[in-house]
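Data first, discussion second: the structure below is written as structure tokens.
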Amino acid sequence: STAKPESYKSTCSYCGVGCGIIVNKDNKGRTTVEGDPNHPVNRGMLCSKGMNLHYVVEDKSDRLQYPQMRWGKSHPLERVDWDTGLDRAAAVFKSIIKKHGPDAVAFYVSGQCLTEEYYLVNKLTKGYLKTNNIDTNSRLCMSSAVMGYIKTLGEDSVPIAYEDIELADCFLVAGANPAWCHPILWRRVEKHKEENPDTKIIVVDPRVTQSCSLADLHLQLNPGTDETLYLAIGRCLIENGDIDMDFIQNHSDGFEAYKELVMETSLESAAATCGVPEEDIKLAASYIGDAKGFLSLWAMGLNQSAEGVNKNLALIDLNLITGHIGKPGSGPFSLTGQPNAMGGREVGGMATLLASHRNLLNPEHREEVADFWGVDSLPDQPGKTATQIFEGLEDGSIKALWIICTNPLVSMPDARRVEAAMKKAKFVVVQDISAKAEAIPYADLVLPAAGWGEKEGTMTNSERRISYLNKFTDAPGEALPDAEILLRFAKKMNYSGFDFDSMEEVYAEYCQLTKGTNIDISGLDYDYLKSNGTVQWPFTDKSKGGTARLFTDRKFYTPNGRAQILANGPKNQTELPSDDYPLILTTGRIRDQWHTMTRTGKVAKLNKHIPSPFLEIHPKDAASRNIKDGQTVLISGKRGEVRVHAQVTDKIKKGVVFLPMHWGKILQSDFSRTNNLTGNGIDPVSKQPDFKFSTVQVAKY
Ligand code: SF4
């Protein structure tokens, strides 16, 4: 049969850049995708991952198609209908809560959930189940940046717009490889540099990455020494007089203490700690000092650290002392990993947050949200964060866990410990699109979810830009949108606040909850997004439109309206190299794969770029271990082992090795899972785990 060709607008479901996509369906219903030429983010461009999204949509071979349940831990999973599955989930949740209290259950969700889904699961857990045990894999990604923004600017608010890229003349790219991980955003930086060759680009990374090929200066620092480096750059800026005294005096607090701290460490000593030449630190400072527009870009190299918040503070300080914020081409600019980590943060999608940037610890804020939801009160203590949820399973304080759209047995640090913890759970629900989700063998109930293009909703990208995603195809079998599953579960629990007929109604409710806050989008609705395209929040009124840049009036969201220049000084790492484990392991992404590969791993074209996991090791470290390029090596650490082939390269520092994060047990083998090796260090403030500093030994296998 033939149908009319159709085309739909959507947004890429991978990284936080948020590229606009046009999905075309031909008269046989076949799907192709192209970059939206009129989209303000990507102007028609797509990277390799986005370009191949239609293969992921069309290949249903690995998709979960119907609910499955086991009646006891030793029983096999068997097909059930939706009512049977959700009746059981409701009965188990009710009985656990009755016997052990609401904090004995938890939800672990994802920065890939749509805003409506995120909103509903938060309302369900915080408002109705009465626990704040709802955390997300954004804890592994952005929570240190969230705390960095809250502490310095008063709220979790990315101040810049992508249009600042074309207005900047100095970029500091810290702990990020945007050429591979945020490619379309990087294309814009490349083009800007091409047209304005005087633009300076500084890359800070222990590895020579693809992003370094555009850099004027690569500071190849020792892992974990970022804070020392940014404080040293701060010292140079002060000594050179390249600071903005008007901003410091009239719009910020904390400069004197900051100055005292940076002056404590000589440049010589900082250079030795960081393993970079003193002259290069001075050069970086002179690039920043000369800039009219200065953007600092960062990602996991800073966030995924036991000192992630302090690293964020030290970097944001460089924008504050130079007054490079709230003006064109300037500002701190965290690069979001996931497509809707921002939307999730906005609806309060973490154990430590409340909707619309309200403060979970503030009784008035809790009351506002409770009143809005029509419930008596909200739980007043922060819930368990990602790693704490699995510790809760381990120590028995959490009995039931509901996992949505994330693959913790590949992505969590110390994955073998997570496996052992999962075995102790009384009841596990796994809600996913893929039969390759590695938690399925541990699940008592498996719920098939609809994927990208099979449901509608909204997302927010790295520059606060909200977009509407169309549904353009049906989910396979009995799979349902995540929001629909949550609504059905809420009905089984007899909860009253979930009487929504559409996602549009869910979104309308959330928009009203933002009214009067700093992220007010009470003027926004689906109709506006569908007919006008994307908008940046705040968006209070259709006649005013969105907001490109925050803090142009230099009034911050802190109680006294002033930005806070804060620095704590570097602390020791949680684990230091030893005779047994002399090498530092750092981890990261590769260009053509996304997270745990349940989607990109299906695309033959994407697997060609780098077909199997590998270890980057410096030639001297390889030679002293008699390791040749391409040979299989055994990487061992305190918590486990990994076996992959060696890539001997001087692109990595001596003493440091690198593993990509993507491969897990199901796609390769138990011995290819990088998180067998990573540790349990977390940032004390953000609770974000450290994936960038574990100690290992490497030997020929
Ligand atoms: Fe998708 Fe990110 Fe690539 Fe854009 S840059 S196409 S959002 S993966």
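Report, in listed order, any pair from 99/492; 28/455; 151/651; 191/620; 399/492 with a Cα-Cα distance greater than 28 Å.
151/651; 191/620
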For this session: Please list the radius of gyration and Dmax for the stretch 224-265, considering alpha-carbon atoms only, with Å as the unit.
Result: 10.7, 33
Exercise. Once you put a point 7 Å from the Cα of residue 631 and another 7 Å from the Cα of residue 605, both along the Cβ direction, what distance in nm separates them?
Worked result: 3.8
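Which whole-number percentage describes the relative contact order of the stretch 6-58, with Cα contacts under 8 Å and a sequence gap of 6 or more?
Numbers: 89 pairs, mean separation 15.2, N = 53.
Once divided by the residue count of the stretch 6-58, the mean separation gives 29 percent.
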Problem set entry | Modelled FRET efficiency - R0 56 Å, residue 395 with residue 501, Cβ distances, 0.05 increments | 0.85
Seminar exercise, completed: Site residue 70, offset 7 angstrom along Cα→Cβ, radius 20 Å on amide nitrogen, limited to the stretch 410-439, gives 410, 416-439
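Determine the percent antiparallel among the DSSP beta bridges restricted to the chain, to the nearest 5.
Values: 40 of 85 bridges.
Here the share of antiparallel DSSP bridges comes out near 45 percent.
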Problem set entry | For the chain: Kirkwood Rh in Å [reciprocal of mean 1/r, alpha carbons] | 25.7
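Could you grab the relative contact order for the chain? Cα pairs under 8 Å, six or more apart, rounded to a whole percent.
On the way: 1619 pairs, mean separation 133.9, N = 701.
Averaging sequence separation for qualifying contacts and normalising by length gives 19 percent for the chain.
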Problem set entry | Total formal charge among the other residues, if their Cβ is under 11 angstrom from that of residue 177, Lys/Arg +1 and Asp/Glu -1 | +2
Seminar exercise, completed: residue 435 and residue 376 label points (each 7 Å along its Cα→Cβ direction) are spaced in nm at 4.6
Problem set entry | Sequence ranges 613-621, 153-161, 209-217, 551-559, ranked by mean other-Cβ count within 10 angstrom, highest first | 153-161, 613-621, 209-217, 551-559
Exercise. Per residue, what volume in Å³ does the Cα convex hull of the stretch 143-335 take up?
Worked result: 104
For this session: Would you calculate a helix-derived [θ] at 222 nm for the chain, using -39,500 (n - 2.57) for each DSSP H run of n ≥ 4 and dividing by the full residue count, to the nearest 500?
Result: -8500 deg cm²/dmol
Exercise. Residue 267: net charge of surrounding residues, Cβ under 10 Å, Lys/Arg +1, Asp/Glu -1, itself excluded?
Worked result: -2
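Net charge within 12 Å of residue 540 by Cβ-Cβ distance, Lys/Arg positive one each and Asp/Glu negative one each, not counting residue 540 itself? Show your work: numbers first, answer last.
On the way: positive: 515, 542, 544; negative: 520, 541.
That sum, taken over residues with Cβ under 12 Å, equals +1.
Can you tell me what share of the DSSP beta bridges in the stretch 583-700 is antiparallel? A percent to the nearest 5 is fine.
Details: 16 of 25 bridges.
So the antiparallel bridges amount to about 65 percent of the total.
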Seminar exercise, completed: Straight-line reach check, residue 515, cutoff 18 Å on alpha carbons, 8 or more apart in-chain or any other chain, hits among aspartates and glutamates -> 116, 155, 156, 346, 364, 367, 368, 371, 504, 505, 525, 541
Exercise. For the stretch 28-123, treating each Cα as an identical point scatterer without solvent, what Debye log10 I(q)/I(0) comes out at q = 0.10, 0.14, 0.17 1/Å?
Worked result: -0.54, -0.87, -1.04
Exercise. Using the reciprocal of the averaged 1/r over all distinct C-alpha pairs, how large is the Kirkwood radius of the stretch 6-58 in Å?
Worked result: 11.0
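Return the loop-located GluC sites (Glu not before Pro) in the stretch 503-564 (DSSP other than H, G, I, E, B) with at most 15 other Cβ atoms within 10 Å of their own Cβ; answer none if there are none. List each step's numbers first, then the result.
Details: sites: 504, 505, 509; in loops: none.
Sites meeting the loop and neighbour criteria: none at all.
Computed from the coordinates by the stated procedures, all read-outs in this text should not be read as laboratory data. Keep in mind that what you see is a predicted model, and the values were worked out from it rather than measured. Note that each Cβ is placed from the backbone with ideal geometry, even for glycine, and that neighbours are counted across all protein chains shown.
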